[in-house]
1. Only helices (runs of 4 or more DSSP H) wholly contained in the stretch A:231-327 count here; list those with 2 or more residues that are facing chain B (nearest Cβ under 10 Å) and small (Gly, Ala, Ser).
2. Being at the interface with chain A (Cβ under 7 Å from one of its Cβ atoms) and open to solvent by 50 Å² or more (accessible area, probe 1.4 Å): is that true of B:Lys206 here?
3. Tell me, please, whether a residue that is more than 11 Å from chain A (Cβ to nearest Cβ) and either more than 19 Å from B:Pro203 (Cβ to Cβ) or out of contact with any strand residue (DSSP E or B) (no Cβ under 7 Å at 6 or more places or on another chain) (or both) can be found in the stretch B:9-19.
4. Looking at the stretch B:191-233 only, could you name the residues that are without any contact (Cβ under 8 Å) to a residue 40 or more places away in the chain and β-branched (Val, Ile, Thr)?
5. Across the stretch A:190-227, which residue is nearest to B:Thr170 (Cα to Cα) among those that are within 16 Å of ligand 1 (Cβ to nearest atom) and among the acidic types (Asp, Glu)?
6. I need the full set of residues from the stretch A:237-252 which are under 20 Å from the mean Cα position of the chain (by Cα) and under 20 Å from A:Ile299 (Cα atoms), in order please.
7. Of the residues A:Gly12, A:Gly47, A:Gly33, which is on the phi > 0 side of the Ramachandran plot, at pLDDT 95 or above and either away from chain B (no Cβ under 14 Å) or in contact with a Cys (Cβ under 7 Å, 6 or more places away or on another chain) (or both)?
8. Which count do you get for residues in the stretch A:228-250 that are near ligand 1 (Cβ under 10 Å from one of its atoms) and more than 16 Å from A:Ala290 (Cβ to Cβ)?
Amino acid sequence: MSILVYIEQFDGKAAPVSWEVLGKARTLVDQLGGKLAAVVIGAGVEGVAKEAVSYGADVVHLVEDPSLAAFRIDPYAAVVEDLVKTHSPKIVLFPATARSRDLSAVVACDLDAGLAADCSDLSLVDGGLAAVRPVFSGNLLTTVRFNGPLAVASVRARSFPTPEANPGRAGEIVKSGPVAPTTGIREEIKSFEATATGEVSLTDAKIIVSGGRGVAKDPELGFKLIKELTDTLGGAMGASRAAVDAGYIAYKHQVGQTGKVVRPDLYIAAGISGAIQHLAGMGNAKIIVAINKDAEAPIFSVANYGVVGDLYEVVPALNAEFKKRLG
Amino acid sequence: MNFVVCVKQTPDTAELPKISAAEAVSGDIKATLVLNPWDEFAVEEGLLLEDRFGGDVTVVTVGPEKATEALKDAIARGVKSAILLDDPAFAGSDAWGTAAILAAAIKKNGPADVILTGKMSVDGNSGLVAPGLARKLGATLLTQVTKIVDISGGKITVERMLEEGRETITVSLPAVVSVSKEINEPRYPSFMGIRKAAKAAIPVWKLGDLGLSAGAVGTGAAKANWTDVRKPPARSSQVVMVKEATVDATAAKLADLLMAEKVI
Ligand SMILES: Cc1cc2nc3c(=O)[nH]c(=O)nc-3n(C[C@H](O)[C@H](O)[C@H](O)COP(=O)(O)OP(=O)(O)OC[C@H]3O[C@@H](n4cnc5c(N)ncnc54)[C@H](O)[C@@H]3O)c2cc1C
Ligand SMILES: Cc1cc2nc3c(=O)[nH]c(=O)nc-3n(C[C@H](O)[C@H](O)[C@H](O)COP(=O)(O)OP(=O)(O)OC[C@H]3O[C@@H](n4cnc5c(N)ncnc54)[C@H](O)[C@@H]3O)c2cc1C
């Protein structure tokens, strides 16, 4: 294998960014030669392995065991490290989700390989990986190059398009079991409380509607209107830190340097001034719309479209218009 | 119980946009330098753990002499002991090099039970130091931690916020814990604390003190190299202001424009 891609799954469902990474890896392998391998770890996750074939993997290592049902670092890292040692890929790629980020770091550190985290682009230069990542909170970019035989990178969601799935595609599924002992694992998961059921995650969202301190007059109504527009557009709801700190909305919605970094096709900012720390989180959106009652607000200088007005009027009016158009 | 908090000195986030690629490459950054904002939460949690479980908190940083200011900030918030890890051989370390330096210092300082870090630095942005440190120390790793539930019987139980929800997990000590901002409300440096910090004598440990070889850290050991540091392309767009006679007409126009952009 020349490239190995770690496919993240939770409860038997792949994280969508896994396929984006796999799709990009396919184009890299086509230049590099060799085989594109994927690894799927869990219990009862053969469906995910088959999906990996349909998205472009030549070989999928399907590693299943009841002890691997939930993600734990030590046993998962042992599996990936064993594959790398056995098959010597040049590049190993991970989605930059919370769990996979940890896994990528542990694997790369154990194997003494360089790691570029949170990459936004990948290419090959002289047959080696060149990984572009934002640094200084998005104010600078660097291209990371690697010393040594192995390069590891984690890739942010929505950096690459989701490839077209081809259910008829041929590929090999190689089944195996755990590598490390299945008892005496140092990590014991006591409970898990799902909090995001049915919600579109901010990092995977194509459309985000965010609210800021501009809702201060009536935060409950403000975020209700924002939520209605979000739902009409099938997007995810975001917020500025000021709105989170004021207790208008939960932290998990925060976009920005100390919140989530997002890359939607459309970002609608309502009642957000456009502080530099907020821009660090959404500056890479394809289209930015700003709704603000202050024509001088800095958000307008990064926006593609702007409306100067009261969000309590503009947001519901926009919602009504989209309802008409989207049926 | 021994707690160590790892902190980094980073540019003030409001001044990040002013930092040029050349400044970043040379490392000679003109911006105001502060305690990495995420590390305020780690320092606070160290102080809270000291209150809850007893023991000592030590704050450490890998950085040049001026990084002492970040340690003093932590002292001003109530931390009693600090160590600066500074040697020309440390310059240019990648995350694994930084982790190796921290791991050696933590071992030398005496066995630590819980090592706290921030979620990430606002300059390097990698979030790799905590996992690197855990591996170098043979410790368990807990990231995205929003609550430390308990420490007892050689184990630590925490809550972590992951994409799909909240996980409660117990791992063996020692553990490297990288904290999320939901974990606490950092206190401010106190007046008394600032006075104490001004007078504090902070030991400096060098390569030799840590028993590290020069080849194991610094530029030469780095497996990942930053090349072509540059400003990202500016957003080329000129804002189109949408304004019609009524709010409804404005909304209709905007909706049409966005449909035409094919982003909906
Ligand atoms: C270390 C650090 C990290 C940070 N991290 C983040 C981060 O991750 N994310 C983040 O967002 N911020 C972050 N910040 C905070 C950031 O600096 C700003 O304070 C914050 O983004 C401001 O939020 P805001 O735009 O909602 O509020 P404000 O700046 O107060 O802006 C409110 C806007 O609403 C407009 N408005 C008011 N009423 C209405 C109305 N009725 N209709 C329409 N518009 C209206 C106003 O004109 C104004 O422009 C960070 C700051 C620091 C120091
Ligand atoms: C000018 C410049 C050039 C660089 N060039 C390279 C390069 O060529 N190759 C490369 O791989 N990296 C390079 N880096 C990144 C540098 O190696 C990392 O900044 C460093 O390894 C720490 O990683 P981080 O900043 O991403 O910290 P993160 O892992 O994001 O920080 C997480 C937490 O770890 C702790 N921590 C981080 N750093 C320290 C520290 N120094 N002391 C104590 N605790 C700490 C803090 O608690 C922090 O909140 C460069 C950085 C700069 C500023």
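1. Working: elements: A:241-245, A:276-282, A:311-326.
Filter on the stretch A:231-327 gives A:311-326.
2. It is false that B:Lys206 is at the interface with chain A (Cβ under 7 Å from one of its Cβ atoms) and open to solvent by 50 Å² or more (accessible area, probe 1.4 Å).
3. No: the stretch B:9-19 contains no residue that is more than 11 Å from chain A (Cβ to nearest Cβ) and either more than 19 Å from B:Pro203 (Cβ to Cβ) or out of contact with any strand residue (DSSP E or B) (no Cβ under 7 Å at 6 or more places or on another chain) (or both).
4. If the condition is that a residue be without any contact (Cβ under 8 Å) to a residue 40 or more places away in the chain and β-branched (Val, Ile, Thr), then B:Thr227 is the only one that fits.
5. Result: A:Glu220.
6. Correct list: A:Met237, A:Gly238, A:Ala239, A:Ser240.
7. Every option except A:Gly33 fails the conditions.
8. The qualifying residues number 5.
The values are calculated or read from the model by the stated rules, or taken from the named source; none is laboratory data. These numbers come from a predicted model, not from an experiment. So basically every Cβ, Gly included, is an ideal-geometry build from the backbone, and we count neighbours across all protein chains shown. SASA here: full protein model, heavy atoms, side chains in, ligands and nucleic acids out. Shrake-Rupley method; radii C 1.70, N 1.55, O 1.52, S 1.80 Å.
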